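First the structure, in the form of structure tokens, and then the observations on it.
Every number in this text was worked out from the coordinates using simple rules, so none of it is lab data. Keep in mind it's a predicted model, so treat the numbers as computed, not measured. Here the Cβ positions follow ideal geometry from the backbone for every residue, glycine too, while neighbour counts run over all protein chains shown.
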Amino acid sequence: MVMYGEPGAVTWVESLGGPLIVVPEVVLETWSGSAGNGDAVDDYDRACAVEGHIGLVRVGSAEGLVLGDEPASTAYLPARGVFVRWSAAESEEAMLGRVDAAMRAASWEPELTWQVPGPVVLFDSAWAGEECRQQDHVRVDLDAGAYAVRAAYVEPDPQTWLTLVELRRLLE
């Protein structure tokens, strides 16, 4: 059994410099990314306008979760229901080995509620949804329903800095 603390056990998604986004798979093709529509505000601009670590934006008939603040490499750990955003660490092993301590030490920001219609895809918000599968991306197999989402920036030791974005299924 592969544990998330083992190097290479998770897939990291990189950004070209802007925020990452998590879009429900069923509306993925409606995300236009940085389509370059001249003076019009495109989807990438809307993602960039999100302040703080997390925010929601309309994507077709659903909402996408913007992972803002900084363009940190991000992985999803399904056993913990958390996106881990790598700000600083000596290695992947060091980063992943500090997740449990970071979860215990986190000072969580206020949570928001995200209604998810099913599986979602994490990718760079600059890419159009139809192009994201040719770039860094991670599919996250979420069940349909409401999720509480909260974020925290944590420095579990002087060499390890990360942001956690936790998804917790709400009972309906």
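Okay, here's what the table says:
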read-out	value
Cα centroid of the stretch 60-138 to Cα centroid of the stretch 148-172, whole Å	9 Å
Helix-only mean residue ellipticity at 222 nm for the chain, each DSSP H run of n ≥ 4 adding -39500 (n - 2.57), per residue, nearest 500	-2500 deg cm²/dmol
Of Leu96, Leu67, Leu122, the one that fluctuates the most in a GNM where the chain has Cα springs shorter than 10 Å	Leu96
Exposure proxy order (Cβ contacts within 10 Å, fewest to most) of Ser125, Ser15	Ser15, Ser125
Zone of Ala88's modelled label, taken as backbone nitrogen in the stretch 65-82 under 11 Å from a point 7 Å along Cα→Cβ	none
Distance (nanometres) between label positions extended 7 Å along Cα→Cβ at Leu112 and Leu16	2.3 nm
Taking Cys132, Cys48 and counting other C-beta atoms within 10 Å, the order from fewest to most	Cys48, Cys132
Over the stretch 20-169, relative contact order from alpha-carbon pairs under 8 Å, at least 6 apart, %	29 percent
Derived scalar couplings ³J(HN,Hα) [the stretch 126-138; Karplus, 6.51 cos²θ - 1.76 cosθ + 1.60; whole Hz; x for Gly, Pro]	6, 7, 5, x, 5, 9, 4, 6, 8, 10, 4, 7, 9
Convex hull per residue volume in Å³, alpha carbons only, for the chain	118 Å³
Relative exposure of Glu90, Glu25, judged by other C-beta atoms within 10 Å (fewest first)	Glu90, Glu25
Under 5 Å, built H, 5+ apart or other chain: amide partners of Ala146	Val116, Leu170
